[in-house]
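The values are calculated or read from the model by the stated rules, or taken from the named source; none is laboratory data. Because the structure is predicted, anything quoted here is derived from the model rather than measured. Every residue, glycine among them, receives a Cβ derived from its backbone with ideal geometry; neighbour counts consider all protein chains shown. Keep in mind that these areas ignore ligands, DNA and RNA; they rest on the heavy atoms of the full protein, side chains included. Shrake-Rupley method; radii C 1.70, N 1.55, O 1.52, S 1.80 Å.
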Amino acid sequence: MARSLGRIFSGFQRLGCLSPMKAHLSQPSATSVAVRSTLVRSMVLALPSPFSSKPRDFSLPNSSWGSEMKRLYEHYNSQCEVETEGGEKQEGPWRRLPSYNRLLNEEKKCVCIFQAGHLLEGPPGHVHGGAIATMIDTVTGTHATILSGPVMTANLNISYRSPIPLGSTVLLESTLDKKEGRKTFIICKVTSTDGSKVHTETTALFVSINIGHLLLGG
């Protein structure tokens, strides 16, 4: 997660050297439009998921994963590709999204499997509320982006119900509430893997944006 944020910050720092070019591009012409289009496209490709068209996958099975994390990973992975009676492989009801073990199904629902390590400690032995909020924003933001294209968080309202013990595995379940013009409303719950305990409940609002205007300050 920190590596992703670092790439975002370094990307925007590089934009600081674009001011002279922006001044040139402010005078519309066939050439400046072509340059602007190429510039925006190259910057978007340099950004991490969900803005990048080819996001890297930073969350794959490793020795730090607990048994419950591995079990759920295999459970959802097995539903991304299923075998027909004839022995052929075809797409299943779920689709895995790179990083943070996010999965999407046809019902416009997104699920994330999350196991927090000791670096995310807040209250002794439990996950920091800010880390939980970051994961919620990441999952719901990715979900909204898939549903509506590039978006930015406008509102994130989180009710913390019970703390998450460090090292435990939880599920973040994101569901589309409604869409109104440029607005996408998402509902998200963080629960224990068996669903018996609710850790947080969230309502989120995302607003569609124009990436070109955002990056070039237009």
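Odds and ends about this structure:
- When Ile187 is tested against (1) over 20 Å from Ser99 (Cα atoms); (2) among the β-branched types (Val, Ile, Thr); (3) open to solvent by less than 40 Å² (accessible area, probe 1.4 Å), only condition (3) is not met.
- Filtered residues of segment 95-117 (kept if at pLDDT 90 or above, open to solvent by less than 50 Å² (accessible area, probe 1.4 Å) and under 25 Å from Lys178 (Cα atoms)): Cys110, Val111, Cys112, Ile113
- Residue within segment 154-170 that is farther than 30 Å from Trp65 by Cα and surrounded by fewer than 14 Cβ atoms within 10 Å (Cβ to Cβ) present: yes
- Test: residue in segment 116-130 that is within 16 Å of Ile186 (Cβ to Cβ) and touching a residue at least 40 places away in the same chain (Cβ under 8 Å): no
- Taking the criterion of being of a type in the set (Gly, Ala, Ser) and farther than 21 Å from Leu120 by Cα, the residues of segment 142-199 that qualify are Ala144, Ser148, Gly149, Ala154, Ser174, Gly181, Gly195, Ser196.
- Residue within segment 133-150 that is assigned to a strand (DSSP E or B) and without any contact (Cβ under 8 Å) to a residue 60 or more places away in the chain present: no
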